[in-house]
Amino acid sequence: MRIHKVYYKKNKKGRPVYSRNWYVEIKDHNQIVRHFAGYTDKHQAQLLGDQLQRLVNCKESGEKPDGQLARFLEGMTQKMRQRLVEIGLLDKISAAAGKQLSAHIDNFYQSLLAKGDTEKQAKQVVSRVNRIVNGCDFQTFISIQPHKAVTYLYNLRIGKENLSARTSNFYLKALKQFCLWMVRDGRAISSPVQYIELLDSNKVKEDERHPRRSLQIDELKRLIATAETGPIRFKNTGHQRAVLYQLAAETGIRENELRQLVVKDFDFENLTVTIRAESAKSSREDKIPLRKQTAKLVEELTTNKMPTATVFNVPEKAVDMLKDDLADAKIAYCDESGRYADFHSLRHTTASLLAAADVHPKVAQTILRHKDIQTTMNIYTHLIGGQERKAVDSLPDLLASTGSEIKVG
């Protein structure tokens, strides 16, 4: 490696004229002499030469760049990057560092679809990534700065946006997922947001903006009975809505999953319903057991329907349909504690009914298909009226005779 200035010509006095910049001369991995324009400062040019020589050494040995060399590669100019790509010194990681984030995010979106995410899921994740990227004006991967992302989300929480802590975590998780994909796909050395922590779960719970509740047993019975005799709503008869609500409350199947159920997903002989991977939130196929009575009701609804026909006509905003039936059943959509009984609350009701029936938490987690049992226990499970009294009444009689009387008072 050699640092030198380029001789151009002689001036009027016959003296040589040299370039302002110092140039770096190295032999690449193919032993071809290459010249790179450096800096006006010789020391800076020397540092550039050292990094380029280290890059050649890595190329020849097959080793990956260490942290210092990786930062140099990620911070170089586009012109320098293109030059190194042309001569074969730049690997995939370094080339990707200067690529516009929008192009990476487009590739990330395609990868989500390829691994089985639904289009809706993929668009939601990418939308959250773009929200932070555009809000922080990140142009390239190396421009992503953790403190800027954290500050941006903080301002969304305290500003007019009034973003909840839970939603803030969803945005951060999306960004973390994208950055981790960049590393796993060989486009980056490390994730710049790897060490950003999510907001504490207690903070999330305290800051809940749309708390849900489960329906009490008498409320659920009243809702189903009222819907059964109700008018046609959102192209659904009262009976169709009643069966839909009953199935949702007994199985915990999500709104969008219910929307995509077809006749062949139901096994009426073995009393199961299959949630296909392409419609499941988890992108995993699962079988959920059905109560015999409910299975019979669904089977009656599917009479004369083709195997690929949808079973339920779930509107885009099923909550609007549910609100009307709740009103007819004289059940508050939002109770005195500010908790909502929206369509997803039927899934909360499933967890609560299972808990009230003394079903083991692990079994409930499996039925609800939660990755973390804490989600089942702390978010979805609510007390059904009378459970506290039943629990206290089940305690042993402490005044029972044990051979020596217990004196009270």
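The values are calculated or read from the model by the stated rules, or taken from the named source; none is laboratory data. Since the model is a prediction, treat every value here as computed from it, not as a measurement. Cβ sites come from the backbone with ideal geometry, for glycine too, and all protein chains shown count toward neighbours.
What to note about this one:
- With respect to the conditions (1) under 25 Å from A280 (Cβ atoms); (2) surrounded by fewer than 20 Cβ atoms within 10 Å (Cβ to Cβ), K221 lacks only one, and its number is (1).
- Looking only at segment 303-320, residues that are surrounded by 11 or more Cβ atoms within 10 Å (Cβ to Cβ) and either under 28 Å from the mean Cα position of the chain (by Cα) or outside the structural domain of E228 (by TED's automatic domain parsing) (or both) come to 9 in all.
- Test: residue in segment 265-288 that is touching an Asp or Glu at 6+ places or on another chain (Cβ under 8 Å) and aromatic (F, W, Y): yes
- Among the candidates L101, L163, residue that is farther than 30 Å from K79 by Cβ and either among the hydrophobic types (A, V, I, L, M, F, W, C) or not assigned by TED's automatic domain parsing to the domain that holds D185 (or both): L163
- Residue match in segment 7-19 (condition: exposed (fewer than 14 other Cβ atoms within 10 Å of the Cβ), of a type in the set (D, E, K, R), modelled with pLDDT under 85 and in contact with a Pro (Cβ under 9 Å, 6 or more places away or on another chain)): yes
- Checking each residue in segment 355-371 for being in contact (Cβ under 8 Å) with a residue 24 or more places away in the chain and on the phi < 0 side of the Ramachandran plot picks out A355, A356, I367, L368, K371.
- Qualifying residue in segment 267-274 (condition: assigned to a helix (DSSP H, G or I), at pLDDT 95 or above, more than 21 Å from the chain's Cα centre (by Cα) and not basic (K, R)): no
- Qualifying residue in segment 199-206 (condition: under 30 Å from T140 (Cβ atoms) and either assigned by TED's automatic domain parsing to the domain that holds Q145 or at pLDDT 95 or above (or both)): yes
- Residues in segment 326-353 that are within 19 Å of H239 (Cβ to Cβ) and under 32 Å from the mean Cα position of the chain (by Cα): L326, F343, L346.
- Tallying residues that are among the hydrophobic types (A, V, I, L, M, F, W, C) and closer than 15 Å to A149 by Cα within segment 115-135 yields 3.
- Residue match in segment 61-83 (condition: out of contact with any Gly (no Cβ under 8 Å at 6 or more places or on another chain), over 30 Å from V133 (Cα atoms), surrounded by fewer than 17 Cβ atoms within 10 Å (Cβ to Cβ) and at pLDDT 85 or above): yes
- Filter result for the condition that a residue is among the β-branched types (V, I, T), farther than 22 Å from L113 by Cβ, touching a residue at least 60 places away in the same chain (Cβ under 8 Å) and out of contact with any helix residue (DSSP H, G or I) (no Cβ under 6 Å at 6 or more places or on another chain), over T251, T237: T251
- Where K235 falls short, out of the listed (1) touching a Pro at 6+ places or on another chain (Cβ under 8 Å); (2) surrounded by 15 or more Cβ atoms within 10 Å (Cβ to Cβ); (3) of a type in the set (K, R): (2)
- Checked against the criteria, D286 does not count as more than 21 Å from L223 (Cβ to Cβ), in contact with a strand residue (DSSP E or B) (Cβ under 6 Å, 6 or more places away or on another chain) and free of Cβ contacts under 8 Å to residues at least 60 places away in the same chain.
- Being surrounded by fewer than 17 Cβ atoms within 10 Å (Cβ to Cβ), more than 16 Å from N169 (Cα to Cα) and of a type in the set (D, E) is not true of D117.
- Of the helices (runs of 4 or more DSSP H) lying entirely inside segment 129-240, those containing at least 1 residues that are hydroxyl-bearing (S, T, Y) and closer than 30 Å to M377 by Cβ are 146-158, 165-184, 201-206.
- Of the set (1) of a type in the set (D, E); (2) surrounded by 15 or more Cβ atoms within 10 Å (Cβ to Cβ); (3) farther than 18 Å from T366 by Cα; (4) at pLDDT below 95, all apply to D286 but (3).
- Among the residues of segment 27-39, the one identified as among the polar types (S, T, N, Q) and modelled with pLDDT under 90 is N30.
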